[in-house]
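Below you'll find the structure I mean.
The values are calculated or read from the model by the stated rules, or taken from the named source; none is laboratory data. Note that the structure is a prediction, hence the values are computed from the model and not measured. Positions of Cβ are generated from backbone atoms using ideal geometry, with glycine treated the same way; all protein chains shown enter the neighbour counts.
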């Protein structure tokens, strides 16, 4: 998941200017720097090319580290995938919640910011879709390792949307949250396939219909209804 703000990506640890820094501290700094480079490289390659299509050699080549460093820090490619998903999920949630909360306003105003925010993300040059959707899609559907991480991420997003829906006075906040989540997921997939950021506008229009008060059908007068039934016989 390449976020719409580069400052959300993992940052390199700054080099200390002190010449008296202990060797152990240098080693820790080097490991942290290498970890950041590996996470950045793996995030980019997993999102762009897919997890299965990305080998260890491609990751260490882009990160500029040794293979032994990758295994020292993560132990395996699977552990690296988990670290990428956990890191990207946290950063995306912080961005997403920050985007809809920015500027304040009432709960409906905040919910209405969902799809304009997604449109900004979809327009990024390195938008490759949702890594959670992609990870689950390209692996055995009975495998739970990536599905569990995806569900954990989804629950946090749903909880915030449901909270706003309840504050808005929705009759069924949980249902509204799930409806909006379906529109979000659908827009992400549609934008990835079509490379068209404006699918977020269409999803936003559909979401607006969910906020509108339900239309109540007027009951027909009993006499008129009975008359129509007789005519229909």
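Please verify whether segment 118-127 includes one or more residues that are surrounded by fewer than 20 Cβ atoms within 10 Å (Cβ to Cβ), closer than 30 Å to residue 77 by Cβ and free of Cβ contacts under 8 Å to residues at least 60 places away in the same chain.
Yes: segment 118-127 contains one or more residues that are surrounded by fewer than 20 Cβ atoms within 10 Å (Cβ to Cβ), closer than 30 Å to residue 77 by Cβ and free of Cβ contacts under 8 Å to residues at least 60 places away in the same chain.
Let me spell it out: the conditions are (1) within 11 Å of the chain's Cα centre (by Cα); (2) at pLDDT below 95; (3) surrounded by 17 or more Cβ atoms within 10 Å (Cβ to Cβ), and residue 87 meets all of them except one. Which number is the exception?
Answer for residue 87: the failing condition is (1).
With respect to residue 98, determine if the residue is in a loop (DSSP other than H, G, I, E, B) and under 15 Å from the mean Cα position of the chain (by Cα).
no
When segment 35-60 is examined, which residues are found to be in a helix (DSSP H, G or I) and surrounded by fewer than 20 Cβ atoms within 10 Å (Cβ to Cβ)?
Of everything in segment 35-60, those that are in a helix (DSSP H, G or I) and surrounded by fewer than 20 Cβ atoms within 10 Å (Cβ to Cβ) turn out to be 36, 37, 40, 44, 48, 49, 56, 57, 58.
Would you be able to tell me the number of residues in segment 61-80 that are out of contact with any helix residue (DSSP H, G or I) (no Cβ under 7 Å at 6 or more places or on another chain) and in a helix (DSSP H, G or I)?
Looking only at that region, the number is 6.
If you don't mind, another one. Of all residues in segment 147-178, which are closer than 22 Å to residue 89 by Cβ, surrounded by 17 or more Cβ atoms within 10 Å (Cβ to Cβ) and over 14 Å from the mean Cα position of the chain (by Cα)?
Answer for segment 147-178, where residues must be closer than 22 Å to residue 89 by Cβ, surrounded by 17 or more Cβ atoms within 10 Å (Cβ to Cβ) and over 14 Å from the mean Cα position of the chain (by Cα): 162, 164, 165, 177.
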